[in-house]
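Below is one structure, written out as structure tokens, with a few remarks after it.
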Amino acid sequence: MHHSLNAPSNASETAALKSLLQEAGIDKPLRDRMKNRALELVTRIREDSTPGMMELFLEEYGLSSDEGVALMCLAEALLRVPDGETMDALIEDKIAPSEWGQHLGKSHSSLVNASTWALLITGTVLNDDIENPVSRVLHGVIKRLGEPIIRQAVTRAMKEMGRQFVLGETIEKAIERAKVKEDEGFTYSYDMLGEAALTERDAKRYHLAYSDAINSLAKHATHKDIRKNPGISIKLSALHPRYETLQRERVMKELVPRARSLAVLAKSAGIGLNIDAEEAGRLELSLDVIEAIASDPLFDGWDGMGIVVQAYNLKAPKVLDRLYALAERLNQRFLVRLVKGAYWDTEIKLAQVEGHKTFPVFTQKPSTDVSYICCAKKLLGMTDRFYPQFATHNAHTVAAILEMAEDKSLFEFQRLHGMGEALHDTVLRRQGTHCRIYAPVGAHKDLLAYLVRRLLENGANSSFVNQIVDESVSPEDVAADPFTAVERYLDDAKNSSIRQPHDLFAPERDNSRGWDLSDPETLAELETGLSKFDNHIWDYSSESGTAQEVYNPADGSLVGRINFASERDVTTACEEIKPWDNSASRDRSDILRKAASLFEENAHEIFALLQREAGKTILDCVGELREAVDFLRYYAQQAETIHEKLAGIFTCIAPWNFPLAIFTGQVAAALAVGNGVLAKPAESTCLIANLATKLLWEAGVPKTSLKFLPGTGSEIGSALTGANVVNGVCFTGSTTTAQRINRNMAKHLNPTAPLIAETGGLNAMIVDSTALPEQ
């Protein structure tokens, strides 16, 4: 695997931004010329152009209004609602509460005004807040009879919205519709709608759709210069159901030939083929796939291989460097489409949820705008190997490129179908630059994800598409210099309103550490750490009793040895066990937090044991450890706010399928409020539970308050029957044999003790529980 991006996975936004600015060397005079040109462009657009449907819609219903948010939610959900009843409920939830009347007649578009009127009537009919009894009865009748009609009307409205973004349902219809703009001097890049393949059948269907589209476009590729012909854009995730770094070997073996076959078709057809950028977690893998395809001798002399680079990614300049080096080595020229990025919300939330070190993208819009301009300057200096394609709807960005470019024939602008018409019509007419329209093709059922991305990225107040028709925003503000904004926060480029992954649950607790399994550095670190335990034998046996040997369920190799608790061991544990009630809750919380840190410090050993004893994949291992750590920190925090203590003895019975997470969660919840714990793991996963127990003891949990009793449920339960020390039983299981075994063991322990489901957690342990019903 390549490591040529040379950007640490934990590189800060500040460092990335400073590096960009230093390398680009864009001085103040150039910035002033960019701003002045942008101001002139914005003024001309407002004076001479008619806003498009997208601009007018977002002017009235941007993300700054409740109604705009309601429509975004409706658009996101409506196309995937499975039945009429759910659709009616969704429409009522999103449409009825909003103030549609305040938008009536406000738009310059009759279509937008008609839609507003329909939404107003719909909201009135659906509004249940009617005081007059007679009116309420009549309203109920109208509402009931009218729901199918309302549903049909709103669905049609959403589809009409989608129609503004889709050039045609089939490639043939799209090509026919494209002739209007082609006659004006525009060219097209077609995108067959559809997101990641979920199955092999999906992948083959997408591959066929791409192939058919290329064959159709071949008839219209009449120029020798590939840049003047139509092109096609493909998503690698649509060509393989497991397009992820952990499946790299499969991807290189199975996906590369599929993508290569499309490139061969595109070359034969005389059109360019752009590989779309996707989530940051697929960046390295995408570059490996692109290199494997481009390196095939079949493509010697072909200038149609296209790559999309996202400027919001901190590694964007390094991506350009790597692609340039590849083009030089292969003696090829690439089409390079520079975009700002369409997955920002996903990248932010994923990094937070997965506990990554930092975000892979800039968190402030001016940073992305500056990154785009700096990368554009870099691209303009690489035209010996690249044909830059600048995809943007922002007048300042367009102005910046025009100021930096010496030869306008060496690049093209791009815009999305249905958006940015006024800007690019003006630039093409007055500057004579090339412009290509990125045009989605497909049925409405495939529109969902694409539509939502377009609405989200252009519906915000800061969006140029939103601002250009908003007369309350001055031309100076629309054309503002992003470098000036960046200078104000350059020493700390993080967006303070967005929580860093580590601080997701702050101030209550730290987020558990995550491992980015798409990052080559992280994978190399894991490979090194796990290799130390490849042949390790965990020997937890003792001289007394017979040691049980534990074998790897995947290959039958020996993992370790452990003694199951004898009847004497159980008796001794019952004599010694006592509640953890002789310390303050703060002390207990600190110990649980220390245990969480020890779990993370010993991650490699925990992962290795989870893999070898429980048959877990590395993805499962990361999730299991993070859940265990979160349990420890959550209960540590909860213990500080709950002052009651159950001060008794709990037996915690854990399952085999989550041998670390649920085992730890049960034990931590009981310990947090001062209970003593008899911890009984699943028979088949005692080694990992033993390691967890040792780390809890190391953190400071008294051995007199936490006793580890490995063994079979029936034997441990029988041994405990006579002791009668158990005040409660915490068990986990569904309506399966495992749960019945747990319940039977619970009866052995103490027939009168309350049974607490694992999901009850801490709160269930400090209130009286009734026995769960028999299964």
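The values are calculated or read from the model by the stated rules, or taken from the named source; none is laboratory data. Given the structure is predicted, the values throughout are model-derived calculations rather than measurements. Note that we place each Cβ from the backbone using ideal geometry, even for glycine, and neighbour counts take in every protein chain shown. To get the accessible areas, we keep the full protein, side chains included, count just its heavy atoms, and leave off ligands, DNA and RNA. Shrake-Rupley method; radii C 1.70, N 1.55, O 1.52, S 1.80 Å.
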- So how much accessible area does Asp477 have, in Å² to the nearest 10, using a 1.4 Å probe? 100
- So if we plug the beta-carbon distance of Lys228 and Ser557 into 1/(1 + (r/R0)^6) with R0 = 60 Å, what FRET efficiency do we get, rounded to 0.05? 0.45
- Task: Mind giving me the FRET efficiency for Glu176 and Ser566? R0 is 51 Å, r the Cβ-Cβ distance, nearest 0.05 is fine.
- Result: 0.05
- Task: Among the listed pairs Lys235/Lys408; Lys224/Lys365; Lys349/Lys694, give every one whose C-alpha distance is greater than 31 Å.
- Result: Lys224/Lys365; Lys349/Lys694
- Message: Quick check: at a probe of 1.4 Å, how many percent of the accessible area of the stretch 478-584 sits on carbon and sulfur atoms?
- Response: 45
- Message: So if each residue of separation counts as 0.36 nm, and I subtract the Cα-Cα distance between Lys219 and Asp296, what length gain in nm does that give?
- Response: 25.2 nm
- Per-q log10 I(q)/I(0), the stretch 468-604, q = 0.10 Å⁻¹ (Debye; single scatterer per alpha-carbon; no solvent): -0.74
- Item | Chain lengthening between Glu487 and Asp407 when straightened (0.36 nm per residue, less Cα-Cα) | 25.8 nm
- Item | Cβ-derived FRET efficiency at R0 45 Å, Ser497 paired with Arg430, nearest 0.05 | 0.70
- Among Lys578/Lys703; Lys578/Lys680; Lys532/Lys680; Lys181/Lys267, which pairs are too far apart, with a Cα-Cα distance over 18 Å? Lys532/Lys680; Lys181/Lys267
- Message: Quick check for you: with a 1.4 Å probe and neighbouring chains kept, what is the accessible area per residue of the stretch 557-709, in Å²?
- Response: 34
- Message: Using only the Cα atoms of the stretch 629-691, what semi-axes does the equivalent ellipsoid have when each is the square root of 5 times a gyration tensor eigenvalue? Give whole Å, largest first.
- Response: 22, 13, 7
- Query: Averaged over all directions, how much area does the convex hull of the C-alpha atoms of the stretch 265-373 cover when projected, in nm²?
  - Reply: 7.3
- So what's the gap between the Cα centers of the stretch 172-190 and the stretch 206-251, to the nearest angstrom? 19
- Using a/c under 1.5 as the rounded threshold, could you call the stretch 534-650 rounded, prolate or oblate? The axes a ≥ b ≥ c are square roots of the C-alpha gyration tensor eigenvalues, and prolate needs a/b larger than b/c, oblate otherwise. oblate
- Go through 177-184, 276-283, 674-681, 14-21 and give me the packing order, highest mean Cβ count within 10 Å leading. 674-681, 276-283, 14-21, 177-184
- Of Arg46, Arg568, Arg513, which has the most accessible area and how do the rest follow, probe 1.4 Å? Arg568, Arg513, Arg46
